[in-house]
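Beneath this line is the structure, given in structure tokens, with notes to follow.
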Amino acid sequence: MDRNTSVETSAERRAAIAAAVADVREIERREGVTRESLERIKQRLALLAARRDLFSEKDFPPPAPGGKLKSCLYRVAEDADHRFALYVNSSLGGHSTPASPPPAGPARDVRTAEVVLSGGTGEVEVPGAVQARKRAALSARVPASVTALPYREGQWVTAGAVVIRLADAAVRAAVAAAEAGVRASESDLDRTTALAAKGAATPRELEQMTAAASAARAQLTAARDSLSYSVLRAPFAGRVAARRVNLGDVVSPGLPLIEIEGDDGLEVLATVESGIAARLRPGLRVRALVDGQPGPLTATVTAIAPSGDPTTHRFELKADLPPAAGPRAGLFARLLIPGAAGEPRLTVPAAALFERGGLTGVFVVRDGPARLRWVAAGARDGGTVEIRAGVEAGERVVVDPAGLTDGAAVTERGE
């Protein structure tokens, strides 16, 4: 490998690792730490590990044969919060561990197909989340306890309806005191004005009374504004999506209390790399795969962020979903973004893929037994599926691999 190729591989590896870390953080932010989210994170990291071209033995050499060490760990990434890190494990493998013999028994007759490299537009699968187009998270602006929560999750509220009341006894007392102060200051101002007209008060005294009356009115306005903060109203008609507090809870300013989603439809929120963002424009129609939907939906791109996140270097994308029964805010979705014209891609028959433990794999036949290979599957086009990582052009994969195990003896017959 020459120096230029090595530099290009290193840059591509850094970009792939950064994209994987960004996807992991996005899954964690969107779904929290659950069994399902951990499976998605596991699958995303498996896709990164499938890029054998980026993690060669030359760049990550194993320990020398004959020594005490059997493997080496290389740290390739760590997030800014030091909450997780990514390592490459380079082991001696065949230097000290003999290859396991194929399982005993007669060879299975299998049908294989070649991994085809072809040009075309293809599609890039981008993970995202379904959310309401119109949504609002209402927060407290004064510290107080919750005294009323008239609506529960899923209930419909009208625009302007009171959705939360906070304790306001102290604020009402402040309003009463401010009103008394206004009355007193205005009385003093009237008396001083009358005395000034008779020459019994100086202009300076009149100015002082005028300023005092203005300050008292300003205090009353501030007190009334504070009183209005103790009542939270729905900014638009919609449904209560989440209640973050319970009756009697003491809340602090800035704490989200309730979330409301409008009835104006749903959209998919995702983040994309700069190369993909440059190809997008508002109005572009893309396919969307939403959990629970039997087939893809046609989404319309509505917005692409003009600037990217300085940490992940990714750009926010929004695409409207058409009206359909089933999709709800919070569901996992994938947008299939058209690739660059003429961009080569690898494809295999759809029947060659299988899923196990949340991962997608194929069985590759080369020089004997069938070997399990985890892959990153892309868009499906008729009877073929794009493979973004995990196999190479010209390799042969087993079609209909049900029942096969890693290392099983097979007799190959091509399509």
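Throughout, read-outs are computed from the coordinates displayed, never taken from laboratory work. Quantities reported herein were computed from a predicted structural model and do not represent experimental measurements. Please note: Cβ atoms are built from the backbone with ideal geometry, for glycine as well, and neighbour counts cover all protein chains shown.
Between the amide H of Thr302 and those of Gly283, Lys318, Ala319, Asp320, distances stay under 5 Å, these residues lying 5 or more places away or on another chain, with hydrogens modeled in the peptide plane.
Out of every Cα pair in segment 168-229, what percent are spaced more than 15 Å from each other? Distances greater than 15 Å cover 53 percent of the Cα pairs. Under the combined filter of DSSP loop state and at most 15 neighbouring Cβ atoms within 10 Å, segment 132-209 retains these GluC sites (Glu not before Pro): Glu153. Computed from the C-beta positions of Thr311 and Ser187 and an R0 of 41 Å, the FRET efficiency is 0.10 to the nearest 0.05.
Computed from backbone phi, the HN-Hα couplings of segment 298-309 come to 9, 9, 10, 5, 10, 7, 10, 4, x, 10, x, 6 Hz, rounded to whole numbers (Karplus: 6.51 cos²θ - 1.76 cosθ + 1.60, θ = phi - 60°; Gly and Pro given as x). Relative to the current alpha-carbon distance between Ala325 and Leu38, full extension at 0.36 nm per residue lengthens the span by 100.5 nm. Once the Cα-Cα distance is subtracted from the 0.36 nm per residue extended length, the Ala173 to Leu284 segment shows a gain of 34.3 nm. Segment 113-184 and segment 280-298 have their alpha-carbon centroids 27 Å apart.
Amide hydrogen proximity for Ala148: with H placed 1.01 Å from N in the peptide plane, the residues at 5 or more positions away or on another chain lying under 5 Å are Arg165. Distances between placed amide hydrogens fall under 5 Å for Lys134 paired with Gly262, Asp264, all partners being 5 or more residues away or on another chain.
A Förster radius of 22 Å, combined with the Cβ-Cβ distance separating Thr298 from Asp264, puts the computed FRET efficiency at roughly 0.75.
Evaluated with a Cβ-only charge set (Lys, Arg +1; Asp, Glu -1), segment 168-229 carries a dipole of roughly 80 debye about its Cα centre, given to the nearest 20. Cα centroids of segment 210-259 and segment 371-407: 58 Å apart.
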